[in-house]
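Structure record follows, encoded as structure tokens.
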Amino acid sequence: MSALGAFTFVLHSHLPYMRFGGRWYHTEEWIHDTLIETYLPLLDTLYDLKDEGVPYKLAVGLSPLLAEQLADPLVIQHFTPYIDERIAAAEGDMHYFETVAYNEHLRFLAEWYRDRFVRTKRAFDERFKHDLIGAFKRLQDEGYIEIITTAATHAYLPLLARDGSINAQIKTAVKSYQRLFGRAPRSFWLPEYGYRPAQITETGRERPGIEQWLAANGITNFIADTHTITRGHPTGVASGKVIGVYGSVAKQYTLPASAYFYEDPRDTNAFTPYYVSEAGDSQTEQEQNPRVAVIGRSERLGQQVWGSDLGYQRDFDYRGFHRRAGTSGLRFWRVTGDGIDPINRDTYHPDWAAYKIEQHAEHFAHLVGDQLRRYNQKSGGNYGLVTASFTGDLFGRWWFEGIAWLGKVLRHLAHNPDIDLTTPGQFIAQHPPAESLDLPESSWGTGGVHFLWDNEENHWMWSPIHDAEERMERLADHFTTPTESERVVLLQAARELLLVQSSDWEFLITTDEARAYAIRRFSQHLERFEWLAESLEEGEPDANAARAWYEQDKIFTDIDYRWFSAK
């Protein structure tokens, strides 16, 4: 090999399920805003690179919930009037800053936004012909990207009580992926990086590690946080006590002893994928016990992009997020400086931002090369893998310039002979791990444990989730030969339970970002599930309610309720 090692971007995108949820607040407007700021600019950038002949590769994660919504005719149909409203709002600002509150620069920015919206709408209509899933699929079919999947409703897998629920979350995701992209997925994003190894419960029940359910569903690898691989401290944690500051939760949280992470002097661990468990020696045992690899993300690169101290996105010349124009909702102001109140921020200058994008892209490309070079030297010439993984909508939606930066980084790296661009599935297929590693229970959250998804603000949710899991398991085991009405109700009950299990509800409550919405959606799906389950248990399956709720959500058309079975 001429290259020192390989590099992969992993951008994982997920949104809660909001189809037919109205426009305001935290409903379809959230999807459409992210289409304008993240997904359409990302597709445009990737297709521009392809047309320029840039031999790039990266992994794009689309959660099943997001992919189902991007494929939904109703969500797509509603996008056109929404972007027309954004164009009209920008034109309204052009008039306002020209004739009422004269400001030449704000008038320029309003026109600049108007032109961006027009280009985005043209790409949606003409370049991608309203088929965003098809656009991603073509890039994968041509070898530019690998589309990775995750749990069906982004459930926080370590805290689910029944293995049938873990199986159903993964198998539903695989079926959805096969229907939308015409092939089986190879790579998996653990929701919230939440991992749980094999365990024996207090009642003596043996539970396989999450990797065994991934292997059973054809997954070859998953991404984990850095400290899960290195056994070092999570970011910002140097002792057993951390302060969790998330919306209404701002308290000292003492980590359990099992969650303490100790520094591992083998700091090269994160550059090497590992098998999570050993396979048997014989070919038969290997076929019966397929191995799943874990890939650790680069903490250094993650902090460089998104860190609170040195992250690119905090540069003073980039567009700020937290101030909008009262007239249109457009963001006309830049970051300006640390600790500056949004009302005192300076106006945004796209040309200043463009200069910084180029600087930061070149800097990042050099960092990737430096990391691979150091690992190559320290390991005696080994071919390593550096993985930079991020939540997808951080680019564009939160860091407005992030998509343009990503395109420039890919251009730099694609022409660097020392670096091979790859994807997780491709790397594992070409370079199977040579060693196995036992992983601790972990996540990306506060303290590296489950705090964000199970704390005093949201702990009340887990008892009804676990009760519903056991109830669904009993129903799946009991109804082995259902009537048509029973089958319809069982399938919808399974969909409702998947939606109850979404990690979005716990997270939005913890962060206080959309507490009322999260509680309402959680309660709605739980009530539906309980209604359907009770109708089955009483021998009067309510197929009419099941069909009506299916028409409202229209998700996971190929689900099988038997996936929840204990058998």
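The values are calculated or read from the model by the stated rules, or taken from the named source; none is laboratory data. Note that the structure is a prediction, hence the values are computed from the model and not measured. Please note: Cβ atoms are built from the backbone with ideal geometry, for glycine as well, and neighbour counts cover all protein chains shown. Keep in mind that these areas ignore ligands, DNA and RNA; they rest on the heavy atoms of the full protein, side chains included. Shrake-Rupley method; radii C 1.70, N 1.55, O 1.52, S 1.80 Å.
Values as computed for the structure displayed
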| read-out | value |
| --- | --- |
| The range 373-442: translational diffusion in µm²/s, Stokes-Einstein, Kirkwood Rh over Cα pairs, 25 °C, 0.890 mPa s | 164 |
| Å³ per residue enclosed by the Cα convex hull of the range 3-96 | 145 |
| For q = 0.21, 0.23, 0.25 Å⁻¹, Debye-computed log10 I/I(0) when each Cα of the range 448-487 counts as one equal scatterer | -0.71, -0.76, -0.83 |
| Chain lengthening between residue 481 and residue 567 when straightened (0.36 nm per residue, less Cα-Cα) | 29.5 nm |
| Simple label model, 7 Å out from Cα along Cβ direction - residue 98 to residue 418, nm | 5.1 |
| The chain: radius of gyration and largest Cα-Cα distance (Dmax), Å | 24.0, 80 |
| In Å, descending, principal axis extents of the Cα set of the range 435-515 | 48, 43, 17 |
| Expected 222 nm ellipticity per residue - DSSP helices of 4 or more, -39500 (n - 2.57), all of the chain, to 500 | -14500 deg cm²/dmol |
| Solvent accessible area, Å² - residue 205, 1.4 Å probe, full protein context | 80 |
| Residue-normalised accessible area of the chain, given per residue in Å² at a 1.4 Å probe | 41 |
| Gain upon complete extension [residue 207, residue 308; 0.36 nm per residue less C-alpha separation] | 32.6 nm |
| Calculated diffusion of the range 301-369, Stokes-Einstein form, Kirkwood radius summed over Cα pairs, 25 °C and 0.890 mPa s, µm²/s | 190 |
| Sequence-separation-based contact order of the range 48-189, relative, with Cα cut under 8 Å and 6+ spacing, percent | 32 |
| Percent of Cα-Cα distances greater than 24 Å, calculated over the range 319-408 | 39 |
| Kirkwood estimate for the range 408-567, i.e. one over the average of 1/r between Cα atoms, Å | 19.0 |
| Cα-centre dipole for the range 423-567 with unit charges at Cβ (Lys and Arg positive, Asp and Glu negative), debye to 20 | 440 |
| Carbon plus sulfur fraction of accessible area for the chain, probe 1.4 Å, in percent | 49 |
| Largest-first ellipsoid semi-axes for the range 343-471, taking √(5λ) over the Cα gyration tensor eigenvalues, angstrom | 35, 29, 13 |
| Loop-located GluC sites (Glu not before Pro) in the range 116-198 whose Cβ has at most 14 other Cβ within 10 Å (DSSP) | 142 |
| Most positive-pole-ward Cα, 522, 227, 541, against dipole of the chain from beta carbon charges | 227 |
